[in-house]
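> Below is one structure. I have some questions about it.
The values are calculated or read from the model by the stated rules, or taken from the named source; none is laboratory data. Values in this document were obtained by computation on a predicted structure and should not be read as measured data. Cβ sites come from the backbone with ideal geometry, for glycine too, and all protein chains shown count toward neighbours. Each accessible area value is taken on the protein alone, full model and side chains, heavy atoms only, with ligands, DNA and RNA left out. Shrake-Rupley method; radii C 1.70, N 1.55, O 1.52, S 1.80 Å.
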Amino acid sequence: MDEQIARLKEWVDASDNIVFFGGAGVSTESGIPDFRSVDGLYNQQYKYPPETILSHTFFMAEPEEFFRFYRAKMLALDAQPNAAHLKLAEWERMGKCRAVVTQNIDGLHQKAGSKEVLELHGSVLRNYCMRCHKPYDVRDIAAGIGVPKCECGGIIKPDVVLYEESLDSYTINKSVEYIRNADILIIGGTSLAVYPAAGLIDYYRGNKLVLVNKSETPADRRANLVIHAPIGQVFAQL
């Protein structure tokens with residue numbers, strides 16, 4: 001692995017057009033559980049499967065149960081950025097990293113200092129009234145019980161993309177533009193199992209496709225460099 005990390009460091013040192021595409025594995029080292037690992041949320045027992053609870057249909061039909069799960073399992077407001085988040089923010093300050101495209105909704109990239117963060121699935125930090133669109137802080141949601149309501153009476157919805165909902169077209173198009181024009185595309189901490197987000201990497205046209213993940217992914221055979229290790233551990237050495 002030392003040889004692979006040395007090659008990645010060499011590529012990074014020589015580039016000023018890096019784009020990072022990341023998933024849940026980027027945040028697990030900050031203590032935020034993922035969904036698909038052995039001890040992830042999909043493998044825990046609930047009255048309903050997490051995929052059902054986190055759907056638009058369930059949110060509209062059973063908001064009380066949705067928010068009970070959401071507060072318990074989706075909010076980790078004390079989590080801190082790890083080595084991967086911090087390194088990406090450092091690269092951006094150095095003019096190397098053009099953008100972070102993330103499937104995560106925890107806001108840790110921004111907490112680490114990254115500015116150009118494209119959140120494909122939204123963010124728990126943003127919440128709004130479904131009736132009047134008044135914004136609410138995540139702490140208002142975390143501290144409450146039951147279904148959070150606006151002063152106008154509307155339900156306050158987290159600005160996250162639930163199952164059955166469409167991704168934001170501006171965010172997708174901007175992500176495609178960055179990925180298409182990147183010199184180096186680093187994919188980290190994702191199983192590349194969630195579409196349409198995972199399909200965005202197909203737009204990359206360069207010859208430095210890097211994949212850093214603990215387990216194999218469908219894109220391993222396409223990558224120019226594959227490192228099977230925790231991403232924070234790898235980035236701490238760059």
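> Only one of 147, 161, 138 is under 24 Å from residue 55 (Cβ atoms) and touching a Gly at 6+ places or on another chain (Cβ under 8 Å). Can you tell me which?
Matching residue, one of 147, 161, 138: 161.
> As an exercise: evaluate residue 172 against (1) out of contact with any Phe, Trp or Tyr (no Cβ under 7 Å at 6 or more places or on another chain); (2) farther than 26 Å from residue 50 by Cα and give the number of the one condition it does not meet.
Among (1) out of contact with any Phe, Trp or Tyr (no Cβ under 7 Å at 6 or more places or on another chain); (2) farther than 26 Å from residue 50 by Cα, residue 172 violates only (2).
> Right, another one. Restricting attention to segment 202-238, which residues are in contact (Cβ under 8 Å) with a residue 12 or more places away in the chain, in a helix (DSSP H, G or I) and open to solvent by 10 Å² or more (accessible area, probe 1.4 Å)?
Once the filter is applied, which keeps residues that are in contact (Cβ under 8 Å) with a residue 12 or more places away in the chain, in a helix (DSSP H, G or I) and open to solvent by 10 Å² or more (accessible area, probe 1.4 Å), segment 202-238 yields 203, 222, 233.
> If you scan segment 168-201, which residues turn out to be modelled with pLDDT of 95 or more, of a type in the set (S, T, N, Q) and buried (at least 19 other Cβ atoms within 10 Å of the Cβ)?
175
> Still on this structure: Among residues belonging to segment 1-23 that are part of a helix (DSSP H, G or I) and β-branched (Val, Ile, Thr), point out the one that is surrounded by the most Cβ atoms within 10 Å (Cβ to Cβ). Don't jump to the end; show me each part of the working.
Step one: filter segment 1-23 for residues part of a helix (DSSP H, G or I), giving 2-13.
Pick out the ones that are also β-branched (Val, Ile, Thr) and you get 5, 12.
Working: 5: 19, 12: 21.
Result: 12.
> Filter segment 81-95 down to the residues that are closer than 23 Å to residue 181 by Cβ and touching a Gly at 6+ places or on another chain (Cβ under 6 Å), then identify the one that is surrounded by the most Cβ atoms within 10 Å (Cβ to Cβ).
The extreme case among them is 84.
> Here's something else I'd like to know. List, please: which pairs have Cβ atoms under 7 Å, are six or more places apart or on different chains, and start with a residue in segment 173-189 that is over 16 Å from residue 121 (Cβ atoms) and end with one that is in a helix (DSSP H, G or I) and among the polar types (S, T, N, Q)?
Matching pairs, first to second residue: none at all.
> Can you tell me which condition residue 198 does not meet? The list is (1) under 15 Å from the mean Cα position of the chain (by Cα); (2) in contact (Cβ under 8 Å) with a residue 24 or more places away in the chain, and all the others hold.
In the conditions (1) under 15 Å from the mean Cα position of the chain (by Cα); (2) in contact (Cβ under 8 Å) with a residue 24 or more places away in the chain, residue 198 misses (2) alone.
> Only one of 71, 98 is over 30 Å from residue 234 (Cβ atoms), open to solvent by 40 Å² or more (accessible area, probe 1.4 Å), touching a residue at least 60 places away in the same chain (Cβ under 8 Å) and under 20 Å from the mean Cα position of the chain (by Cα). Can you tell me which?
On the way: 98 fails: over 30 Å from residue 234 (Cβ atoms).
None of the other options fit; the residue is 71.
> Also, quick follow-up: Among 149, 47, which is the only one that is open to solvent by 70 Å² or more (accessible area, probe 1.4 Å), modelled with pLDDT of 95 or more and not hydroxyl-bearing (Ser, Thr, Tyr)? Show your work before the answer.
Numbers: 47 fails: modelled with pLDDT of 95 or more.
One residue alone meets the criteria, 149.
> Anything in segment 115-145 that is within 13 Å of the chain's Cα centre (by Cα) and either surrounded by fewer than 14 Cβ atoms within 10 Å (Cβ to Cβ) or among the small types (Gly, Ala, Ser) (or both)? List them, or say none.
Scanning segment 115-145 gives 122, 123.
> Could you list, in sequence order, the residues of segment 168-191 that are closer than 23 Å to residue 232 by Cα and more than 17 Å from the chain's Cα centre (by Cα)?
182, 183, 184, listed by residue number.
> Quickly run through segment 101-114 and pick out the residues that are farther than 21 Å from residue 181 by Cα and under 10 Å from the mean Cα position of the chain (by Cα).
104, 105, 106, 107, 108, 109
> Could you list, in sequence order, the residues of segment 142-194 that are more than 29 Å from residue 13 (Cβ to Cβ) and among the acidic types (Asp, Glu)?
Within segment 142-194, 151, 159, 164, 165, 168 meet the criteria.
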